[in-house]
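Chemist: One structure coming up, written as structure tokens, with questions to follow.
The values are calculated or read from the model by the stated rules, or taken from the named source; none is laboratory data. Being a predicted model, the structure only gives us computed values, none of them experimental. Neighbour counts are summed over all protein chains in view; Cβ atoms, including those assigned to glycine, are modelled from backbone coordinates with ideal geometry. Keep in mind that these areas ignore ligands, DNA and RNA; they rest on the heavy atoms of the full protein, side chains included. Shrake-Rupley method; radii C 1.70, N 1.55, O 1.52, S 1.80 Å.
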Amino acid sequence: MYIISGAASNTISEDLSKILKIPIAKTISKRFPDKEFYFRIIDDVKDKEVIIVQTTYPDPNLVELFLMQNAAEESGAKRITVVIPYYGYARQDTKFQDGEAISAKGIAGLISLNADLVITIDPHKEHILDFFSTSAKSCTAVPEIASYLKQKNIDMILAPDKGALDRARLASEIMGCEFDYMEKTRIDGNTVEMKPKKLAAENKTVAIIDDIISTGGTMALAIKELKKHGAKKVFVACTHGLFAVDAIKKLSAAGCDEIISTDTIENKYSKVKTAGCIAKLIKK
Ligand code: R5P
């Protein structure tokens, strides 16, 4: 077996290689002067199983993944497992308006062309897995996030909305602390009020958990509300830290005490490793 490491997921590939004791294949990748991608597998993967690891965000990483899969197929790999630590495009998982692309489905179809198994972490919604026409499985990084948060004396885990409730509940169970969620109330056409359901944040250290932080808007609103309700410290934690535009500024301005994300998208907030949960799934 070989692991084929994509440039977007080198850390996870190296960690997986150590945990599973599978070598990383020698490869060559480069960009032509016009920026087109080139990929070649040097090791002989004919009749071997390969595990390709590549996050599909931002877009150039997606093209890299397609070519890595193609190279494995063309080299005669017996079985191709594709690990996508962060599956981009997952939030457009339905047609919200006529004529729209169902991006999560369209991209899944293309990835499925050269894959025997797809593994991803904390997909935005589980039903996205059904869009792959090959086997697809997911694991969650919440236990890893919870074990990082354990050292932070957290009193309460908060879900920023009902959609994040299951993740928050799981983290609170692992950490042995209480959990709550933000309730949204529409005041009028333009105003949405958000407050912690139980209104019991006073003097507490709270960690807000979500799958994705993109613009930071959701988290910033939740932080401000918690601080308004007397929270002592507020941490934000997510599996996939996209931190688009000025997200970090927004979180700091809202009064965030620490930003935590995993390594599915590598950045300076990647404090939690995810290779362990992927390895468990592969071993199954
Ligand atoms: C939404 O359903 C997701 O779970 C996240 O809450 C959302 O993607 C966060 O986006 P943003 O950081 O832009 O508010």
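Chemist: Spit out the partnerless Cys residues in the chain, using Cβ distances under 4.7 Å as the pairing rule.
Modeler: C177, C238, C256
Chemist: Solvent-accessible area per residue for the chain at a 1.4 Å probe radius, Å²?
Modeler: Values: 13440 Å² over 284 residues.
Here the per-residue accessible area is 47 Å².
Chemist: Using the structure shown, list the pairs from K26/K249; K78/K271; K152/K198 with a Cα-Cα distance above 31 Å, or answer none.
Modeler: K26/K249; K78/K271
Chemist: If you don't mind, there's one more thing I want to ask. When ranked by the protection proxy of mean other Cβ atoms within 10 Å per residue, highest first, what sequence do the peptides 143-149, 21-27 form?
Modeler: In descending order of packing, they fall as 143-149, 21-27.
Chemist: Anything over 22 Å Cα to Cα? Flag those among K250/K273; K95/K224; K30/K283; K105/K125, in the order listed.
Modeler: Numbers: K250/K273 25 Å; K95/K224 32 Å; K30/K283 32 Å; K105/K125 12 Å.
From K250/K273; K95/K224; K30/K283; K105/K125, over 22 Å: K250/K273; K95/K224; K30/K283.
Chemist: Any aspartates and glutamates with Cα under 18 Å of the K233 Cα? List them, leaving off those in the same chain fewer than 8 positions away.
Modeler: D155, E178, D180, E202, D210, E225, D257, E258
Chemist: In whole percent, how big is the carbon plus sulfur part of the accessible area of the chain, probe 1.4 Å, protein atoms only?
Modeler: Result for the chain: 49 percent of the exposed heavy-atom area is carbon or sulfur.
Chemist: Relative contact order of the chain, please, whole-number percent, based on alpha carbon pairs below 8 angstrom and at least 6 residues apart. Provide the component values of the computation, followed by the final result.
Modeler: Working: 626 pairs, mean separation 39.8, N = 284.
Relative CO of the chain lands at 14 percent.
Chemist: Let me know the whole percent of all Cα-Cα pairs from the chain that are separated by more than 30 Å.
Modeler: 34
Chemist: So, one more: Return a whole-number percent for the relative contact order of region 45-183, with Cα pairs under 8 Å and 6 or more residues apart as the contact set.
Modeler: About 17 percent, as a whole number.
Chemist: Rounding to the nearest 20 debye, state how big the charge dipole of the chain is about its Cα centre with +1 on each Lys and Arg Cβ and -1 on each Asp and Glu Cβ. The partial results should precede the final answer.
Modeler: Details: 40 positive and 38 negative charges, 141 e Å.
Taking the Cα centre of the chain as origin, the dipole is about 680 debye.
Chemist: All other residues with a Cβ under 14 Å from the Cβ of K35 taken together, and with Lys, Arg as +1 and Asp, Glu as -1, what is their net charge?
Modeler: Details: positive: K30, R31; negative: D34, E36, D59, E64.
Here the charged neighbours net out to -2.
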